[in-house]
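The values are calculated or read from the model by the stated rules, or taken from the named source; none is laboratory data. Small disclaimer: the values here were computed from a predicted structure and weren't measured. Cβ atoms come from the backbone with ideal geometry, glycine included; neighbour counts cover every protein chain shown.
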Amino acid sequence: MRIGIPAESRAAEARVAGTPETVKKLIALKQTVLVQHGAGAGAHIPDDAYANAGAMLVDAGEAYNADMVLKVRTPTDDELRRMKRGTVLVGMLDPYDVDQLARIRAAGLPSFALELMPRTTRAQSMDVLSSQANIAGYKAVLLAASLYPRFMPTLMTAAGTVKAARVLILGAGVAGLQAIATAKRLGAVIEASDVRPAVKEQIESLGAKFLDVPFETDDERDAGQGSGGYARPMPASWLARQAALVHERARLADIVITTALIPGRPAPTLIPADTLDAMKPGSVLVDLAAGRGPEIDGRRGGNCPLTEPDAVVTRHGVQIAGHTNLPAMVAADASALYARNVLDFVKLIIGPEGQLNIDTSDDIIAATLIGHEQSMQKTA
């Protein structure tokens with residue numbers, strides 16, 4: 001097959017879906033790899049590195065005119081028009097956007113949305129959400145440190161002692177746990193909260209204090225177990241108690257990092273306007289759910305309704321960072337990890353002779369398939 005790796009065209013997207021390392025391995029699987037000129041520029045990968053790995057350097061039209069196209073972000077309308085019907089599309093395709101899903105289906109593209117990867121041991125090496133969230137959690141802390149007008153660690157100097165920054169992290173999934181670890185390395189005092197009691201041990205093992213909101217009913221306890229490795233919406237009774245605790249701890253914090261996302265649903269509001277108003281002047285909020293919160297007056301915030309996507313704004317004396325693509329700010333490593341995730345997935349749909357071989361009885365393939373099922377070749 002001919003596998004195309006085009007340059008990403010969406011604003012501020014610096015990642016690329018293949019690296020010289022993964023190109024070599026695709027060629028070893030008897031594939032011809034077509035890389036668009038400049039595709040790796042944002043990740044500091046020169047064209048020569050791809051050529052030396054065995055790829056053919058082509059223009060955008062040829063990269064899209066392939067049997068399989070590997071992408072980071074879901075295609076634009078122009079990119080969809082460049083692909084022929086039947087082209088296999090692999091990438092982060094935003095499968096919960098029903099309009100975008102309809103456009104992909106209308107284009108006749110058998111497609112695999114890697115965000116739908118099951119949270120199973122077998123699928124770990126293909127879990128793009130985890131690999132990219134890990135980077136987002138790391139970068140969120142560095143961004144907060146750059147915005148915070150004081151030091152992060154305790155410093156004892158001849159001029160006096162500077163107290164460590166107090167950091168509150170809401171949500172202890174992959175991004176939240178990495179944020180805890182990074183903030184700890186920088187010397188902060190950290191508190192963290194999550195709806196799932198099972199993460200308490202992980203939070204504490206990284207050096208943070210767990211903010212516990214006890215369950216009072218069976219419904220609360222069941223919801224707190226999560227589903228498929230993700231948090232579930234919690235009952236209103238528990239959310240009210242959590243909101244009161246978060247309000248009190250945010251009021252004392254210097255930096256708040258929110259990471260709460262629920263697949264297919266608007267991000268929950270964790271820092272409402274009254275909590276933001278109670279925070280210290282000069283404090284910082286980094287909202288990893290920016291652009292995914294409930295729609296208010298035609299605009300989507302994040303875990304805070306005052307977050308503005310892809311902007312840093314000051315509200316009630318608090319700096320709010322709403323960057324929607326933190327992994328792209330660490331594009332070299334983000335691309336390396338993402339490309340390995342993609343490679344391991346592509347291996348599932350390539351047969352021993354290098355042919356396309358899609359087995360829809362495979363749980364990983366079935367979970368991620370969003371394109372035209374009738375165009376799939378089901379194998380035993």
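From the list ALA133, ALA159, ALA181, ALA175, which residue is more than 17 Å from the chain's Cα centre (by Cα) and within 22 Å of ILE257 (Cβ to Cβ)?
On the way: ALA133 fails: more than 17 Å from the chain's Cα centre (by Cα); ALA159 fails: within 22 Å of ILE257 (Cβ to Cβ); ALA175 fails: more than 17 Å from the chain's Cα centre (by Cα).
Just a single option satisfies the conditions, and that option is ALA181.
If ASP254 meets every condition in (1) charged (D, E, K, R); (2) within 23 Å of ALA11 (Cα to Cα); (3) crowded, with 17+ Cβ neighbours inside 10 Å apart from one, which number is that one?
(2)
Determine whether MET68 is more than 18 Å from ALA339 (Cβ to Cβ), modelled with pLDDT of 95 or more and either more than 23 Å from the chain's Cα centre (by Cα) or aliphatic (A, V, I, L, M) (or both). Spell out how you get there, then give the answer.
Values: more than 18 Å from ALA339 (Cβ to Cβ): no; modelled with pLDDT of 95 or more: yes; either more than 23 Å from the chain's Cα centre (by Cα) or aliphatic (A, V, I, L, M) (or both): yes.
Taking the combined requirement at face value, the residue does not satisfy it.
So ALA175 passes all but one of these: (1) part of a helix (DSSP H, G or I); (2) in contact with a Gly (Cβ under 6 Å, 6 or more places away or on another chain); (3) farther than 23 Å from ALA198 by Cβ. Which condition number does it fail?
Going through (1) part of a helix (DSSP H, G or I); (2) in contact with a Gly (Cβ under 6 Å, 6 or more places away or on another chain); (3) farther than 23 Å from ALA198 by Cβ one by one, ALA175 breaks only (3).
Every residue in the stretch 246-271 that is of a type in the set (Gly, Ala, Ser) and either assigned to a loop (DSSP other than H, G, I, E, B) or without any contact (Cβ under 8 Å) to a residue 24 or more places away in the chain (or both), please. Let's see the steps before the verdict.
To start, the set of residues in the stretch 246-271 that are of a type in the set (Gly, Ala, Ser) comprises 250, 253, 260, 264, 267.
Passing the criteria: ALA253, ALA260, GLY264, ALA267.
May I ask you to verify whether TYR96 is surrounded by fewer than 21 Cβ atoms within 10 Å (Cβ to Cβ) and in contact (Cβ under 8 Å) with a residue 12 or more places away in the chain? Even if it seems obvious, please write down each step before you answer.
Working: surrounded by fewer than 21 Cβ atoms within 10 Å (Cβ to Cβ): yes; in contact (Cβ under 8 Å) with a residue 12 or more places away in the chain: yes.
For TYR96, the condition - surrounded by fewer than 21 Cβ atoms within 10 Å (Cβ to Cβ) and in contact (Cβ under 8 Å) with a residue 12 or more places away in the chain - is met.
Look at the stretch 104-130 and say how many of its residues are charged (D, E, K, R) and closer than 18 Å to GLU8 by Cα.
Counting residues in the stretch 104-130 that are charged (D, E, K, R) and closer than 18 Å to GLU8 by Cα gives 1.
Looking at the stretch 271-314 only, could you name the residues that are under 19 Å from the mean Cα position of the chain (by Cα) and closer than 19 Å to ALA240 by Cα? So that I can check it myself, show each step before the final result.
Step one: of the stretch 271-314, the residues under 19 Å from the mean Cα position of the chain (by Cα) are 285-294, 300-304, 307-311.
Answer for the stretch 271-314, where residues must be under 19 Å from the mean Cα position of the chain (by Cα) and closer than 19 Å to ALA240 by Cα: GLY293, PRO294, GLY302, ASN303, CYS304.
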